[in-house]
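Notes follow once the structure below has been shown.
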Amino acid sequence: MVLDVDIRHAQGAFNLHARFRSDGKLTALFGPSGSGKTTVVNAIGGLVRPDHGRIAVQGRVLVDTKKGIFVPKHRRRIGYVFQEGRLFPHLDVRQNLLFGRWFTPRRERKTGFEDVVELLGIGHLLERRPATLSGGEKQRVAIGRALLADPQLLLMDEPLASLDDARKAEIFPYIERLRDEGGVPIVFVSHSVPEIARLATSVVVLSEGRVAASGSASEILRHTNLFRQTGLTEAGALIEAQVLRHEDGFGLTVLQAGAGTLTVPLLDHAVGTRMRVRLRARDIILSLQEPKGMSALNVLPGLISSIEESEGASVDVELDCGGDALVARVTRKSVAELGLRPGLRVHAIIKSIAFDPDVLGGAKPENM
């Protein structure tokens, strides 16, 4: 088990009770502001001493209030990347990176400088000062500095929150590569559903200081009721797909998933590339018959596996499409008029325009 957390902590009127375990490559802590995400991360990193409980990272106990264990933050071997890069302005990028080495005894240093530079694509920045870097470049350098301390765990507290969409698009592939190739488990704090859908292998949902749910990203993101406060319209299914072919003349790429083929805007990925695709519940329309004579290119046959009980106007209908679990958010009136029920065969219709960059990730990690 990579991470085992079971803590209670009071800060003024706020009471945190967080209990979860994770062995994912990138564990996302998700929730609105004030839900307790940063308090949990600070407790893991040693910046907060919880009132009660236990924290263990890769089997090493960092906190156990019953046994009087509290490992100081400088001895935890945990890297920390904040919202802002917090680079030293008077040092160039190379010097900022090497600063991370100071926190690890020479005999314990395993991470190679050149390996980190190559992983994060920052070789051309080494002689520059932080003031000349973009927001995305600063964050990549900050990540590199944390990695060069040879951490057992990397904490990232909303590292994309201060970036615009262009800078986020710039850094996403590097975090994906770090997740898949870096060899260091990551805890990633976010209140953005698109961020966790693209990056997370497991998700812990926090609400008012409590863990509302935890599990694999594909399982948690299917439950739109967990994201009512912050991302109801963004929740849905995560599936694995592979680039089947490109239709350059139409500006399209065809993906092969278990559910069938998906036609999306043209991607800059080679044929055979494995992808993570998010199919938002709001973007799926259900039909009892295979539609004919319509412009939608993506029609996936499936079987209704369950229908969420709800007193609201809308419900979640979960589908089994060739082994891929999809979710469609439809009105209760539609359920009644179409006679939707578990076991019924339907067709899920998805517009190609629904596949904006937010729903298409890079190489798909294991255990998503």
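Here, each number is a calculation from the coordinates, and none is a lab measurement. Note that the coordinates shown come from a computational prediction; the quantities given were computed from them, not determined experimentally. Here Cβ is always computed from backbone atoms with ideal geometry, including for glycine, and neighbour counts include all displayed protein chains.
Overview of results
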read-out: Size of electric dipole in the chain: Cβ of Lys, Arg +1 and of Asp, Glu -1, about Cα centre, debye, nearest 20; value: 1360 debye
read-out: Potential extension, Arg129-Glu208 segment - 0.36 nm per residue separation minus Cα distance; value: 24.4 nm
read-out: Cβ-based net charge around Arg86, under 12 Å, with every Lys or Arg adding one and every Asp or Glu removing one; value: 0
read-out: Candidates Ala281, Ala325, Ala270, ranked by Gaussian network fluctuation over the chain, Cα under 10 Å, top entry; value: Ala270
read-out: 222 nm mean residue ellipticity, helices alone, for the chain (DSSP H n ≥ 4; -39,500 (n - 2.57); rounded to 500); value: -5500 deg cm²/dmol
read-out: Proximal charge balance of Gly123 [Cβ under 14 Å; K/R count +1, D/E count -1]; value: -3
read-out: Positive-end extreme of charge dipole, the chain - chosen from Phe99, Gly68, Pro265 (charges on Cβ); value: Gly68
read-out: Gain on full stretching of the segment that runs from Thr261 to Ser310 - 0.36 nm per residue minus C-alpha separation; value: 14.5 nm
read-out: Rounded tilt (10° steps) of 135-147 against the dominant C-alpha axis of the chain; value: 60 degrees
read-out: Order of Val81, Val203 - criterion: other Cβ atoms within 10 Å of each residue's Cβ, fewest first; value: Val81, Val203
read-out: Relative contact order [Cα under 8 Å, 6+ residues apart], the chain, whole percent; value: 16 percent
read-out: Exposed trypsin sites (Lys or Arg not before Pro) absent - longest run of the chain, DSSP non-H/G/I/E/B, at most 16 other C-beta within 10 Å; value: 129-227
read-out: Inter-probe distance in nm under a simple model that places probes 7 Å from Cα toward Cβ, at Arg21 and Glu290; value: 4.6 nm
read-out: Charge sum, other residues only, whose C-beta stays under 13 Å from Gly302's C-beta, Lys/Arg counted +1 and Asp/Glu -1; value: -3
read-out: Cross-link table Lys25/Lys292; Lys25/Lys333; Lys292/Lys333, entries beyond 31 Å C-alpha to C-alpha; value: Lys25/Lys292; Lys25/Lys333
read-out: Residue with peak Gaussian network fluctuation, the chain [Cα springs, cutoff 10 Å], from Asp180, Asp283, Asp165; value: Asp165
read-out: Residue order, fewest to most surrounding Cβ atoms within 10 angstrom, among Thr27, Thr263; value: Thr263, Thr27
read-out: Region 291-333: GluC sites (Glu not before Pro) in DSSP loop, at most 12 other beta carbons within 10 Å; value: Glu309, Glu311
read-out: Mean projected area (nm²) of the alpha-carbon convex hull when the chain is viewed from all directions; value: 20.8 nm²
read-out: Loop sites in region 190-265: GluC sites (Glu not before Pro), DSSP, at most 16 other Cβ within 10 Å; value: Glu208
